[in-house]
Amino acid sequence: MKSCTVEFLANNNSIIVAGDWVMGNVTPRFVDIKSSLASSLSGELQIQTSSLESWDSRFVLFVYELQTYCQENDINFNLSGLPSSAQGLLKQVSAFPVRESGNKQLPAKSFMAGIGEKTQHMLQQSALVLNFVGEVCFSLSRLVRGKASFRKQDLWLMIQDCGPNALGIVTLISVLVGLILAFVGAMQLKIFGAQIYVANLVGLGMVREMGAMMTAIIMAGRTGAAYASQLGSMQVNEEIDALKTLGISPIDFLVLPRLIALVIMLPLLCIYADFLGILGGLLVSVTLLDISLMEYVVQTKSALQLGDFATGLIKSSVFGVLVAISGCMSGMQSGRSSSSVGDAATSAVVAGIVSIVIADASLTVIYQIIGL
Amino acid sequence: MKPVQIEVKNLTMAYDDFIIQQNLNFKIHQGDIFIVMGGNGCGKSTLLRHLLGLKSPMAGEVWYQQTNLWQMNERDRHKIMRRNGVMYQSGALWSSLTLAENIALPLQEYTDLSHDEIKGLAYLKLALVGLVGFEEYYPSEISGGMQKRAGLARALALDPDILFFDEPSAGLDPVSAKLLDDLILSIQASLGTTIVVVTHDLPSLFAIGTDAIFLDSSSKTLIAQGAPNDLLKECNNPILQQFLNRGESPKNGMMSA
């Protein structure tokens, strides 16, 4: 491969290019010769390519920059020395009118304007949330009056997906959470010789808090994200528009079955998680703490009341609503490109988990006040 | 005779045991605009995937000049595939990148050009397809016709030897489709690129095609080869005549090609 060169001859106003202008070869840049052009070029410029061997787009780019420079400085640029195919390409490049409006430019914002915009954005976002929740409420009232239409087999599929299909991961996580609680508690309670109270700790911890919380977080990551990406890609494919044009409410048809499925299944998963958590605690206690199986069971029974289960179940149905709403809302409000589907899934998980934790804190305080 | 760029020998294409096309034999010559035509579902796009090296044939061979595409190791195959530019049916632009970034990506991956040079080249390719001023736009912000042209600009990014088009005029209005045809012709004229077009758009294939094959879905093989205009005049195969005359019988069917 011959090296490529550019030579500017000021005395006869010509520029000579030679060599192999192809990938893998270092080609001269236009900026390198700009200064010598600027100092001594006027009137006319010719280009000579008799010893140009081969070339690709970078050569065209070079000539194009040269041409633009000449136009800006009122220099008559003679292209006739170029290979005819390169001339054709240059003609093609300038065949389209240049768009006047130009690229969109983001104006620099002041700090205060930034705060203002963020605030406005947050207000709009909360309006959207309220709007969506309102629509879901209307849709629920239609359901109660028997006017909401969705396919029953959809509901069964959803129930299967967020119930039985989630059992594996819920099992794993809740047994481990039970184990962790028992370990942490045992370390402290051993100091007082009160190991038996590990059963109380694990039982109450799982039933009142961790069972509901962990299943909800698992489902936010598993089902909430799935809802968002399903509905988001339906948005991209215009499937949601197709429902609307048929007069079918996408909220009734798509959101309701998902919401109902989660609200039914999450409390059931929560009970399952409660018992498996207790089982995890039992494993640790029996193997490491010299507590017999019966002792542990009796202690757990005496520690738990039915009301404790009720608090956990109420929490988990609330979490079910939150996970379903944040998943479906992110999906329904997703943009129309594939990257916005990814954003929708992310925001579904984030919004789901944040709202779960906030709701959990509020519910715990409320339980304290009303003495549950 | 122009040198052969791609040669297909006894190609049989199938999904699992469902045969799409069998015993395909044809050559694509350098500098031709080669049309793959046929009705819906006859395997046009599948053939394209075989030519591109995205799907391995059930039987038969695809030769790029002196090399058999499916007998070389993966690295060499990727080297050959890199010399192809493809414009997909809906543009297939990466939606999280701006138009300029879409074109810059192959350049960044496969060349060691500086940032400025890549920017300049991206600008040049967009100028070629008439999209100057849209460098910073995301694909979702421009119209379908513009997405196709941007897809063409991306296909041109690495100065390919062979350009493949999958249904270039699908979803375009007649004027935009004509503009895209003109663009294909002028790029072919100035770069001498071999162009393979999968299409069933009659005005377009008569306007640009210099060679063509017709895939038939009932006999599952190709039933005619030649320049589209010659096929219209000379070929007597009823299925092909029906296709080229939009289902009307050739005697009273005046083609407005």
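Among the residues making up the range A:111-137, those that are in contact with a helix residue (DSSP H, G or I) (Cβ under 9 Å, 6 or more places away or on another chain) and either without any contact (Cβ under 8 Å) to a residue 12 or more places away in the chain or not aromatic (Phe, Trp, Tyr) (or both) are A:128, A:129, A:133, A:135, A:136.
This table checks each residue for (1) surrounded by fewer than 18 Cβ atoms within 10 Å (Cβ to Cβ); (2) within 11 Å of residue B:35 (Cβ to Cβ).
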position: B:194; (1), (2): no, no
position: B:207; (1), (2): no, yes
position: B:236; (1), (2): yes, no
position: B:245; (1), (2): no, no
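The set of residues in the range A:6-25 that are closer than 13 Å to residue A:37 by Cβ and within 54 Å of the chain's Cα centre (by Cα) comprises A:6, A:7, A:15.
Residues in the range A:37-93 that are within 11 Å of chain B (Cβ to nearest Cβ), touching a residue at least 24 places away in the same chain (Cβ under 8 Å) and of a type in the set (Val, Ile, Thr): A:60, A:63, A:93.
Only residues that are more than 18 Å from residue A:251 (Cβ to Cβ) and either modelled with pLDDT of 95 or more or part of a helix (DSSP H, G or I) (or both) were counted across the range A:317-350, and they come to 14. Considering the range B:56-69, and only residues there that are touching a residue at least 12 places away in the same chain (Cβ under 8 Å) and out of contact with any strand residue (DSSP E or B) (no Cβ under 7 Å at 6 or more places or on another chain), the residue that is nearest to residue B:4 (Cα to Cα) turns out to be B:67. Yes or no: residue B:204 within 13 Å of another protein chain (Cβ to nearest Cβ) and assigned to a helix (DSSP H, G or I)? Judged against the criteria, residue B:204 is not a match. Scanning the range A:349-356 turns up no residue that is surrounded by 16 or more Cβ atoms within 10 Å (Cβ to Cβ), touching a residue at least 24 places away in the same chain (Cβ under 8 Å), within 14 Å of chain B (Cβ to nearest Cβ) and among the hydrophobic types (A, V, I, L, M, F, W, C). For beta carbons closer than 8 Å, sequence separation of 6+ or different chains, a first residue in the range A:141-153 that is assigned to a helix (DSSP H, G or I) and a second that is of a type in the set (Gly, Ala, Ser) and at pLDDT below 85, the qualifying pairs are A:142/A:148. Each residue in the range B:98-120 was checked for being within 11 Å of chain A (Cβ to nearest Cβ) and surrounded by fewer than 16 Cβ atoms within 10 Å (Cβ to Cβ), and 4 of them qualify.
Consider the range B:163-187. How many of its residues are touching a Gly at 6+ places or on another chain (Cβ under 6 Å) and either part of a helix (DSSP H, G or I) or at pLDDT 85 or above (or both)?
The qualifying residues number 2.
The values are calculated or read from the model by the stated rules, or taken from the named source; none is laboratory data. From a predicted model like this one, the values you see are computed outputs, not experimental measurements. With ideal geometry, Cβ positions are generated from the backbone for all residues, glycine too; neighbour counts draw on all protein chains shown.
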